Amino acid sequence: MENIDDLRVDETMPETYPGRKSATEIVEDMRKSLNPDNLPVRGCDLLQLLIGYAEQAIEPVGWQAVWRCDSKTNLEFKNTLNSPALVEVVNVDYETLEATIELIEDEAEAKEQYTVLLTELHPLKTQENDAVNIEATHLALQKMRFFFNHLSFPWDSEINENWFDVHLPVRVKMFCEIRAGSLNPEIVVRYCYMIKEAQEVERKLQKMAEKVKDADEDMEEEVVAKIAELNTKLEQIQQDVEILLNPSTRMLLFGSKVTRVKENEQPEVLLVVQGQSCHDLHQILNRVEREFSPQLNLKCYPSLQAAVDDARTHDVVLIPSGIHSLLNINALRQGGTLMGVGSREDVVIHLGSSTEVGLLFEGGQVTLKNLTILVNNKQSGISVKGRLVLEHCAIRGPPSMDDASESAWKGFYVAPHSIVALKHCAVSHFDVGLRVRAGGHTIIASSEVEACNIGILAEQNATIEIRDSDVKNCKENGIVVEMDSHDGQETRIGSVELLKRIPETFQIDDCRCYGNAFNIKLEYC
């Protein structure tokens, strides 16, 4: 039996899921894959969804893979078969999510067969049978591994509410925050330890359940008592994990924050005062007075983050000239205004944390005015699941995208059923300037998208309005539209005139595309 530690590992298909997907994209993709009809699903029904997905996506027989054991592999089996090993899949049992395999290097006439978990198989790039859809099989296996490693908990079978609405988003968000390194290390260590402990308790419960079948009367009482003890322990772990998954309760354990109690529900104005001279402060107050009211009651804060931490939904935060650091947006993600007191070049916000999404807005309308926002090492500079209006703003990634460690992948991520409006704005230096999903709506007026790899990347069922704006100097494409698949259609590259083929997606009134490697690309999947 040949060990292949240094033999054909590079021949397996690369692990690409979830890759650079944001939390929003992962949630949407898992819903689409496992629950395409968007039905309410209890925890006890998740396994059947996985079985159904596997039946549709994973080839039943005749493909080659590398088998690798993992933490879920039976300890006795690890000693039976050396890992990694080149194997042939001779049967897939969808009901148990297992596969029957034979060793490729086994030259015996009657090859010995083994049963392994599907998630332990990593398909080879080159298959002997060209009829096998190995790409779909590989993607499905990756998604199943991700599900079992990061989304599935031992107590899911007891969950009666809709798992996809209540539990999937918070678990994916925790995964993304851990991946981005944005959480307190103590939280990460404690969370990972609890999940590992819960899995160990689950294994013990499974062993105890087997013992009950064979136990005599005296032994049965002892085993039942042990099972009750383990179940109690699992319930406690569940409660502790739910506390860590909830940002509010997590804050109580790992950090305190004093919040302002509002006297009424009316929006309030918070002013950042950061080392201004008396003269500058006087000018700021005069401008605020003209913008709002002489009777306005201002609340002052020493930094932008302090003001945002204390802001409530729909409040207005005024930001003077200077460079400001912002780690998170807190309550303003549900609605409110961030406004620079000055020109956008003078009011600079640096998204200073390593979070996966620079700014996440969801729910009500948020307005950003007179700001320059600098994005570094983010997956999405601004992710929108609601309505966002930007006026006289610049959103910039790192000046050079040659270094992958410095690149920012998306300037904007516009989720389905969300609206982003840019007026007199500039978006530059991103892998993708604006990513607009199907059902998303983006308005670009008197603005510029430039110096990205791809300026605008949109799905066909999105809606894009462009008026008096430029898409220029992009390394790959100015605008790419991911078209719905149609037989016989080929990818088309051309000028803005191409967008007239899809008037339901693009509404154009003076869109200037120039200096791009290719201006417009209609990409048929």
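Coordinate-derived values only; no laboratory data. Every value quoted in this text rests on a predicted model; they were computed, and no experiment measured them. Every residue, glycine among them, receives a Cβ derived from its backbone with ideal geometry; neighbour counts consider all protein chains shown.
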Inset, instruction - May I ask which residue of Leu47, Gly62, Tyr94 lies farthest towards the positive end of the charge dipole of segment 9-154, with charges of +1 (Lys, Arg) and -1 (Asp, Glu) on Cβ and the Cα centre as origin? - result: Leu47
Inset, instruction - Output ³J(HN,Hα) for segment 311-328: one whole-Hz value per residue in order, computed from phi by the Karplus curve 6.51 cos²θ - 1.76 cosθ + 1.60 with θ = phi - 60°, and x for Gly and Pro. - result: 6, 10, 3, 6, 6, 10, 10, 9, 10, x, 4, x, 9, 10, 9, 9, 8, 7
Inset, instruction - Mind sorting out which of (i) 96, 55, 15; (ii) 48, 33, 19; (iii) 37, 32, 22 is the real semi-axes √(5λ) of the Cα gyration tensor in Å computed from the coordinates? - result: (ii)
Legend entry - Per-selection Rg to Rh, segment 75-171 - Cα, Kirkwood hydrodynamic radius: 1.05
Legend entry - For segment 9-154, the fraction of alpha-carbon pairs in successive 10 Å shells from zero, as %: 10, 40, 35, 12, 2, 0
Inset, instruction - State log₁₀ I(q)/I(0) for segment 343-524 at q = 0.08, 0.09, 0.12, 0.15 Å⁻¹ as given by the Debye formula over alpha-carbon point scatterers of equal weight, solvent excluded. - result: -0.22, -0.28, -0.50, -0.79
Legend entry - Efficiency of FRET between Lys204 and Glu95 - r from beta-carbon atoms, R0 30 angstrom, step 0.05: 0.75
Inset, instruction - Return the calculated 222 nm mean residue ellipticity for the chain, to the nearest 500 deg cm²/dmol, obtained by summing -39500 (n - 2.57) across DSSP H runs with n ≥ 4 and dividing by the residue count. - result: -9000 deg cm²/dmol
Inset, instruction - Would you pull out the residues with amide H under 5 Å of Gly515's amide H, same chain only if 5 or more places away, H placed 1.01 Å from N? - result: Asn473
Inset, instruction - Sort 168-178, 128-138 for me by packing, meaning the mean count of neighbouring Cβ atoms within 10 Å per residue, highest on top. - result: 168-178, 128-138
Legend entry - Contour excess over end-to-end distance, with Cα ends at Gln48 and Thr16 and 0.36 nm allotted per residue: 9.0 nm
Legend entry - Distance histogram in 10 Å bins (all Cα pairs of segment 106-253, percent per bin): 9, 26, 28, 21, 13, 3, 0
Legend entry - Over 22 Å (Cα to Cα) - which of Lys32/Lys500; Lys125/Lys173; Lys196/Lys233; Lys410/Lys472; Lys173/Lys385; Lys173/Lys410 fall in this group: Lys32/Lys500; Lys125/Lys173
Inset, instruction - Beta carbons within 10 angstrom, averaged per residue: use that to sort the peptides 337-345, 11-19, highest first. - result: 337-345, 11-19
Legend entry - Sorted peptide list for 290-299, 381-390, criterion being average Cβ within 10 angstrom, highest first: 381-390, 290-299
Legend entry - Extended-chain gain in nm, criterion 0.36 nm per residue less alpha-carbon gap, Ile508 and Lys475: 9.6 nm
